[in-house]
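Here's the structure, in structure tokens; my notes come after.
The values are calculated or read from the model by the stated rules, or taken from the named source; none is laboratory data. Source: prediction; values computed, not measured. Backbone-built Cβ (ideal geometry, glycine too); neighbour counts: all protein chains shown. Side chains are part of the model used for accessible areas, which takes the heavy atoms of the whole protein and leaves out ligands, DNA and RNA. Shrake-Rupley method; radii C 1.70, N 1.55, O 1.52, S 1.80 Å.
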Amino acid sequence: MANDEENKLFIESFCTNVQNPDRSVRQRALKQFAGDFLPKQPATAYSALFDATYLHLLRCYSDRFESIRTQAVETIDLMLDRLPANDFYLGYIVPVLAKRIGQAEIIEDSEELRHLLLEQLERLVQMYRDPDGAAGDPLLKVFDEIVDILIKTLRDPYPAAQKKSCEIVMALGTATPSLHYRAEALVAPAKTVLSHRHSANRIVAVETLGLLSLHILSNGDRISEIIMAISPLLMDDVPYVRRACGRVGCLMLMKLRDRYSFFHRILPLVLNCLTDDTAEVRDDILARWKEAGELYYLENETELSKVALIEKLPEGYPIDRYTRPTLACRAIVQRSLRVVTLVLREMEEWKENIRLHATKLLKQIVLHAEGSFSTLYAEVNPVLAKACMDSDKSIVTEALSVCELLGILLEYDTWSKHVLLEFRKFPCLGQLRCIRTLYAHCGQCELKQKDIKLFAALLLDVDVCHNQKEDYQHELLEFCEVLVIDSLKGRDLTAMLEEITVSDGGDSEEQSLERMLYTVVLKVVAFCYESKETIREKGLNVLNRLDTDIDKLHEMHLASVLGRIGHLESEHSDASTSLMLLCGIVSICRFQESYFEPLRQTLEKALSHAAPEGKVKLFSAISVAILGWSEKNNQAIDVQLSLLKPFIDVLIAPYLVWAAGRSAESIRAMATACFASLAQGVNVDVYAALLPGYLNVLAGLIEDNNIATRVYTLKALLRLEPLDLESLKLLAFPIMSRLDDPSAEVRELAAICLGSLKLKSLADADEGTFDRWQEILKQIVSVMMLHLEHPEIKLRSAIFVSMKRLYADNRELISRLANEVPSGCSYKKDLDRITGTAVDEQ
């Protein structure tokens, strides 16, 4: 009894002191009560202690000093640990909590104390937990106050308070069966936590919203709102946030009320995680996804068990890269293909990361849907083609993976007619990549073998094979290579050469498959002849696959290609497509007897109508092609002359004649370049037979106003063979005059050409002819010696080389002239070395 009296006196003293105006007295009273008095009391006494002190303790929750408020909350926590689970206490504590942290404005300004109060609320929720309502659901009594508190604290600026609020919501989900009454009210404040900078808060917010969706009984719009709010976090930088999204998706698939009607909205949460960059996320969600599939199988076992008996692995399934989803998982996706509409919309978003994730999601849908996706191909094709030419390379890679799966999993006839039609309408890079990947990965079938010519004819269209963008050309060659390889599988030469009617923008014509593929590849290569070496090499490799003897391909099909180059009768500039194509063909194929005549006729037509800049481009291509003449032409001299003479007379010689104007000057220079190429590319004997007929024109061009013309003319004369006296006189003096040319290159070439001057049949020449040649030569050598004083080293070297060559046939003359040079002259020793060296050699 004495002990009870002491306790009663202590409690009365505590109640008095805790109301004292002095803070230190109140603080000391709380400290003694919590630290000294309560631990000594038996558990049975706590109910009476609470009844005696709760009003004074709860009043301290509003004390003006934070330390007092904190001690009061901690004291109540101590008592709650020992109090029985009687809902009597809820009615007193929760309203006080609501006044402190559940008001519209912030009453409790201490962040740590707000967090402490929330921990107390969580303790109450756990203490009065009754998930089945067996105990009468004690939390229902204060349920509205708890929800009001959470609506406020979910928006608390203190991160720990926000996180704790989400944890309390999840605790409520398992502590009371009444959460569905106000679950919708918690959705909006919980959504605000999704954008928090702390990943832990975002994770718990996702989990909270997932739980709330399970307790919303009738409002489907609110569930859709939750899913749409969570979806952006699938692109979160933190893997655990993405994993939380996937887990919520799997939870909804298994436990959401009326979940079947929401499958198409839930699936992105799950399928996106199956392609996550982090293996931990992929493995975790894959296991849960299989569990959801198992549940769906149990619910639909009658139907799915029949399907399981007859299904088989699709032909060509990429088992090395993909694990085929379970039957039940595929069935979930196949009944929810409405999701494709949402995916296509996101694939056209302006943000790259959204487009990338949407494309990855589409790949997973195709992987699960398999043949059921056939009905959606026409809808997907335009968006997929756009993704195939996206500026982001990772999106292109994923889009091509989708095309690859479509080619493997869909029947050929479900997409072939559509892509042929779409590509004719929109022959863009994306459609080309899409159609190439589909065709390359679809299985072999009779219909595909029949349609190969249709695909080849599609590429023959001028809008396709005349496209000069590098990416487009590369993709075009890739497709051609696929068609070439496919055409050679189980097909004989007769099938390759069988002709069908095609049109490439002009008149229809019968063409074989080989000719069509050759035409497309040759045109692509031709457009790249001046640049894009990688494309050019790729094209030549494709031609080599078509036939290892490329010259044979040219022989069989080039004439047809030349005949179908349109609009050559029009005045074309150097940027004209037709002219660029012809120049490329000339540079690539060069000149060969088997197709020389059609090529000559085509060039003649083009030159006669081309604009000046077009003529310059054509002559440039001709000069490049002539450089390789000897590689492709080893016929007898008379045969080569019969080819070259008409060619030069009709195509080149008319443009060597002087005409006024800058344009004519440029054309004349490039026509002269063709002669310079002849000197280098044609056999010596053939060139020696050709050159005399054009010496009159070339002699005049040596003194042309254009430096380039003079350079090319002198290059054409570098391989001079012995000439008669008249021809030598015609050339010698113009060449000699070029030693004083303003251009260093011209001066050097002129010095070299002078060494090539030689009288024809020197031994058989009559005395008068020889004397006249010696007189001319004396003038030439004298001028050459005069230029040995020139400061230019290259010019002096060229003169010395030419004098050595002249000395071989004119020793007496050159020795005499060398002896006449004064001994103090700077080049006297060099001349003596030339003559001395010659004597020694003799």
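Tell me whether region 743-832 comes out rounded, prolate or oblate; compute the Cα gyration tensor, take square roots of the eigenvalues as a ≥ b ≥ c, and use a/c under 1.5 as the rounded threshold. Oblate, since a/c reaches 1.5 and b/c is not below a/b.
The helix-only estimate of mean residue ellipticity at 222 nm for the chain, built from DSSP H runs of length n ≥ 4 each weighted as -39500 (n - 2.57), is -21500 deg cm²/dmol after division by the residue total. Over 26 Å apart at the Cα level, from the set K290/K312; K99/K191; K417/K552; K417/K532, are K417/K552; K417/K532.
Rounded to the nearest 0.05, what FRET efficiency do F596 and H196 give with R0 = 56 Å and r taken as the Cβ-Cβ distance? Could you check?
Step by step, r from the Cβ atoms, then E = 0.10.
The listed peptides 803-809, 241-247, ordered by packing as a protection proxy, come out as 241-247, 803-809 (highest mean of other Cβ atoms within 10 Å first). Among the GluC sites (Glu not before Pro) in region 521-588, those located in a DSSP loop and surrounded by at most 11 other Cβ atoms within 10 Å of their own Cβ are E569, E571.
If you wrap the tightest convex hull around every Cα atom of region 651-771 and split its volume per residue, you get 104 Å³.
Let's test the formula: R0 of 51 Å, r as the Cβ-Cβ distance of V801 and N541. What FRET efficiency results, to the nearest 0.05? Please report the intermediate quantities before stating the final value.
On the way: r = 44 Å, r/R0 = 0.85.
For V801 and N541, the calculated efficiency is 0.70.
Bridgeable aspartates and glutamates around K615 (alpha carbons under 20 Å apart, same-chain partners fewer than 8 residues away excluded): E530, E569, E571, D574, E597, E604, D649, E665, D704. Length gained on full extension, K306 to R816: 172.3 nm, using 0.36 nm per residue less the C-alpha separation. Using a simple spin-label model with pseudo-atoms 7 Å out from Cα toward Cβ, T375 and N696 lie 8.5 nm apart. Taking the longest Cα principal axis of the chain as reference, the axis of helix 279-299 is set at about 60 degrees.
Oblate is the label for region 303-350. Its Cα gyration tensor axes, ordered a ≥ b ≥ c, give a/c of at least 1.5 and b/c at or above a/b.
Here region 285-325 is scanned for amide nitrogen atoms under 11 Å from the site 7 Å beyond the Cα of M170 along Cα-to-Cβ, giving none. Name the shape class, rounded, prolate or oblate, that the alpha-carbon gyration tensor gives for region 294-449, where a ≥ b ≥ c are the square roots of its eigenvalues, rounded holds for a/c under 1.5, and otherwise prolate holds if a/b is larger than b/c and oblate otherwise. It comes out oblate by the Cα gyration axes. The slack between I707 and A48, meaning 0.36 nm per residue of separation minus the straight C-alpha distance, is 225.4 nm. Just the protein heavy atoms count here, and of the accessible area of region 78-176 at 1.4 Å, carbon and sulfur take up 48 percent.
To the nearest 0.05, what FRET efficiency results for K393 and E280 with a Förster distance of 22 Å applied to their C-beta separation?
Rounded to the nearest 0.05, the efficiency is 0.25.
Taken over the chain, the percentage of Cα pairs per 10 Å bin, counting from 0 up to the bin with the maximum distance, is 2, 10, 13, 12, 10, 9, 9, 8, 7, 6, 5, 4, 3, 1, 0, 0, 0.
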